[in-house]
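For reference, the structure is listed below as structure tokens.
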Amino acid sequence: MPLPSAPKNRESLPAGVWGVVATPFQGSTLDVDLDSLAELVEHYEHIGATGLTVLGVFGEAAALTPQERRDVLETVVESTTLPLVVGVTALATRPAIEEITAAQEVAGPRLAAIMVQANSARADAVITHLDAIHRATGANVVLQDYPLASGVSIPTPALASVVNACGYVIAVKAEAPPTSVAIAELSAAVGVSIFGGLGGQGLLDELMAGASGAMTGFSYPEALIACVRAWQDGGYEAAQRELQPYLPLINFEQQAKVALAIRKECLRERGLIKDSGVRAPAAAFPEALRGSMAVHLKEAASALDARTAVGSF
């Protein structure tokens, strides 16, 4: 299937860094820690995030009850003025509509879009799914291509066809490796923002490929924001200078099977959340990595201190 040319004058999600918010838990029963959540969200606004993505894969939304999801979203709405993208866990249409309706009740006009995963390798099936969602909810959509989470691998030309057929899709979150290849093809074929994810591991190459920024979690989101701003103002060399000191930590955090636990432990070490617990089926933090984590966090803290000293944050 050939890639089409990008249509013009499409509504699009603003460029920048959309922080994917962790859901903090506390205690032996891993109850949702709404106080830590509020502090984390306030931090994102303070450092200049473009917006927030709530109840995504990194937010462990699939492990939350419907009431917990509502509590999380209510806390975020009350704690920040930033626009919100809210994740949808369901791959089936009717459950997805129910999740979206519940999110709309809480977030109202603060809801910039809902993030829906591609649920089929066939463009026509995804279009049918999204059309039904849009008819029922009227919501704008960020289409997420994340086969590791969804179990679905959709070819890039099919993904582009979906976006071009659905005018309410205002962004794509491209997380199917190699992400820079997919982003290059998508940015030429669709007229909406394309965001990278995966902890910022491929951010520099994604920006060179045409990404509008990052939509991801990282324990030092200041670095992602500085990188994207530098790219917008000065191109690759400026962006590389901003991100380079944090690359060892980015790589460390994005380890298969334990990335979530590592990132939450890094957030705890920074004092941004009180507890780093994760819910099953996520794996707990491996204590064997404690020493490595300390080294990488020290490097990142030094880089941030140096940047803060010159008044960049």
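Within segment 261-275, count every residue that is buried (at least 22 other Cβ atoms within 10 Å of the Cβ) and either over 18 Å from Tyr246 (Cβ atoms) or hydroxyl-bearing (Ser, Thr, Tyr) (or both). First the steps, then the outcome.
The initial filter retains those residues of segment 261-275 that are buried (at least 22 other Cβ atoms within 10 Å of the Cβ), namely 262-267, 273.
Right, trim to either over 18 Å from Tyr246 (Cβ atoms) or hydroxyl-bearing (Ser, Thr, Tyr) (or both) and you get 273.
Result for segment 261-275: 1.
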Residues located in segment 154-175, provided they are of a type outside the set (Phe, Trp, Tyr), surrounded by fewer than 23 Cβ atoms within 10 Å (Cβ to Cβ) and part of a loop (DSSP other than H, G, I, E, B): Pro155, Cys166, Gly167
Check on Pro178, over 25 Å from Leu297 (Cα atoms) and surrounded by fewer than 23 Cβ atoms within 10 Å (Cβ to Cβ): yes
Criterion violated by Glu253 - all others in (1) among the charged types (D, E, K, R); (2) open to solvent by less than 30 Å² (accessible area, probe 1.4 Å); (3) more than 16 Å from Ser292 (Cβ to Cβ) satisfied: (3)
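Where residues in segment 276-313 are among the charged types (D, E, K, R) and open to solvent by 50 Å² or more (accessible area, probe 1.4 Å), which of them is modelled with the lowest pLDDT? Full working, then the answer.
As a first pass, look at segment 276-313 and keep what is among the charged types (D, E, K, R): 279, 287, 290, 298-299, 305, 307.
Now drop any that are not open to solvent by 50 Å² or more (accessible area, probe 1.4 Å), which leaves 287, 290, 298-299, 305.
Numbers: Glu287: 97, Arg290: 98, Lys298: 98, Glu299: 97, Asp305: 93.
Applying the filter and picking the extreme gives Asp305.
Collect the residues in segment 260-275 that are more than 15 Å from His43 (Cβ to Cβ) and touching a residue at least 40 places away in the same chain (Cβ under 8 Å), keeping them in residue-number order. Even if it seems obvious, please write down each step before you answer.
Restricting attention to segment 260-275, the residues satisfying the condition of being more than 15 Å from His43 (Cβ to Cβ) are 260-262, 265, 275.
Result: Leu260, Asp275.
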Output for segment 228-259, where each listed residue is closer than 14 Å to Glu299 by Cα, in contact (Cβ under 8 Å) with a residue 12 or more places away in the chain and among the hydrophobic types (A, V, I, L, M, F, W, C): Leu243, Leu249, Ile250, Phe252
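Quick one: which of Thr65, Thr80 is modelled with pLDDT of 95 or more, among the polar types (S, T, N, Q) and closer than 24 Å to Gly199 by Cβ? Full working, then the answer.
Details: Thr65 fails: closer than 24 Å to Gly199 by Cβ.
Among Thr65, Thr80, only Thr80 is modelled with pLDDT of 95 or more, among the polar types (S, T, N, Q) and closer than 24 Å to Gly199 by Cβ.
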Where a residue in segment 46-74 is more than 23 Å from Ile262 (Cα to Cα) and its partner, wherever it lies, is surrounded by fewer than 20 Cβ atoms within 10 Å (Cβ to Cβ) and at pLDDT below 95, with Cβ under 8 Å and at least six apart: Gly48/Phe313
Tabulated pairs, segment 189-211, first of a type in the set (Lys, Arg), second open to solvent by 10 Å² or more (accessible area, probe 1.4 Å) and at pLDDT below 95, C-beta under 6 angstrom, 6+ apart or interchain: none
Output for segment 118-153, where each listed residue is closer than 30 Å to Pro281 by Cβ, touching a residue at least 60 places away in the same chain (Cβ under 8 Å) and outside any helix (DSSP H, G or I): Val142, Tyr146, Val152
Filter result (of a type outside the set (A, V, I, L, M, F, W, C) and not in a loop (DSSP other than H, G, I, E, B)) within segment 212-223: Gly213, Thr216, Pro221, Glu222
Looking only at segment 118-146, and only at residues there that are closer than 23 Å to Thr216 by Cβ and either at pLDDT below 95 or polar (S, T, N, Q) (or both), the one that is least open to solvent (accessible area, probe 1.4 Å): Gln144
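The values are calculated or read from the model by the stated rules, or taken from the named source; none is laboratory data. Keep in mind that this is a model prediction, so the values were computed, not measured. So basically every Cβ, Gly included, is an ideal-geometry build from the backbone, and we count neighbours across all protein chains shown. Just the protein is used for accessible areas: all its heavy atoms, side chains included, with ligands, DNA and RNA removed. Shrake-Rupley method; radii C 1.70, N 1.55, O 1.52, S 1.80 Å.
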